[in-house]
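Note sheet for the following structure.
Laboratory data are not the source of any read-out in this text; all were calculated from the coordinates shown. Just so it is clear, the model here is predicted, and its values are computed rather than measured. Cβ: placed from backbone, ideal geometry, glycine included. Neighbour counts: every protein chain shown.
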Amino acid sequence: MIRVLLAEDHGVVRGALAVLLNLTGDIEVVAETDRGDKVVAQALAARPDVAVVDIEMPGADGIEATCRLRAALPTCRVLILTALAQTTLLKRAMDAGASGFLLKDAPTERLAESIRRIAAGERVIDASLAVAAMTATASLLTEREADVLRLVGLGATTGEIAADLHLSAATVRNYISNIITKTGARNRTDAVRIAVDSGWIERPRPNAATPARR
C-alpha cells in the first residue's frame, strides 16, 4: 500500500482526489492539508511515501513546501500537481526536489500511475511540459533582470520594484532599459510577453498583488 499525503487548498478537489485514490486498492490517503505551511507537520505525523502537492496554497506555495518537506522527511517523494503549465515552474519544482510534475487536467488514472512510479523511485513529468522545457531557449536575462521583469508583469511601478528589491529607482529604470534592449521589445509590457513566451519568467497571475502592496 502506497501512503499518500494530499496538499490542496480547494476542499472539493482534495476530497474528490482522496476518494478516487482510495478506490485504487494500492494507494491510501493518510493525511490531508489545505495549507503549504502545514505540509511538513502532517507528513511527520503520517509518514507518507508520496506527497501530492498543489503549487498555489496559503501559508507557503507548493515549491517552498517541497523544499521544507524534502529537508524534513527525505523518504517522502513529492508530486507537484498544478493547473499552471509553465516550464519555469517545472524547473523550480525539480530544483526544489520534486520527483514529478503533473497538470490537474490529467486523467485520474494518470495521477494514480504517477504516484506508483514516483513511489518506485522514478521521475514523472507531464509530457507536454517536458517537450516545452527541452525546446526552450536559454534566457537572455540575468537573475536580477528576471526579478525586475516579474514585478513589471504584476503591474508594479518603478518605485514599488525599487522598494521590494532594495534598489534605487534609477537602477530599476536601467534594468528595464537593458531588458527592453536584450529582448528587442517595444516597451516593458512587450518585454514581459516575450519573456513569458520564451519560458524565462512565469506568466503573471491575474489579480496577484505586487510584493510592495501586500
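With contacts taken as Cα pairs under 8 Å at a separation of at least 6 residues, the chain carries a relative contact order of 15 percent.
Only lysines eight or more places from residue 38 in sequence, or on another chain, were considered; those with a Cα closer than 24 Å are 91, 104. When the Gaussian network model of the chain links Cα atoms closer than 10 Å, the mean-square fluctuations of 51, 119, 71 top out at 71. Centre-to-centre, using Cα atoms only, segment 106-120 and segment 34-72 are separated by 18 Å.
For residue 16 and residue 34, the difference between the fully extended length at 0.36 nm per residue and the C-alpha to C-alpha distance is 5.1 nm. With helices as the sole contributors, the chain gives -15000 deg cm²/dmol at 222 nm; each DSSP H run of n ≥ 4 counts as -39500 (n - 2.57), and the sum is divided by every residue. In nm, to one decimal, how far is the modelled label at residue 163 from the one at residue 75, with both set 7 Å along Cα→Cβ? A separation of 4.8 nm, rounded to one decimal place.
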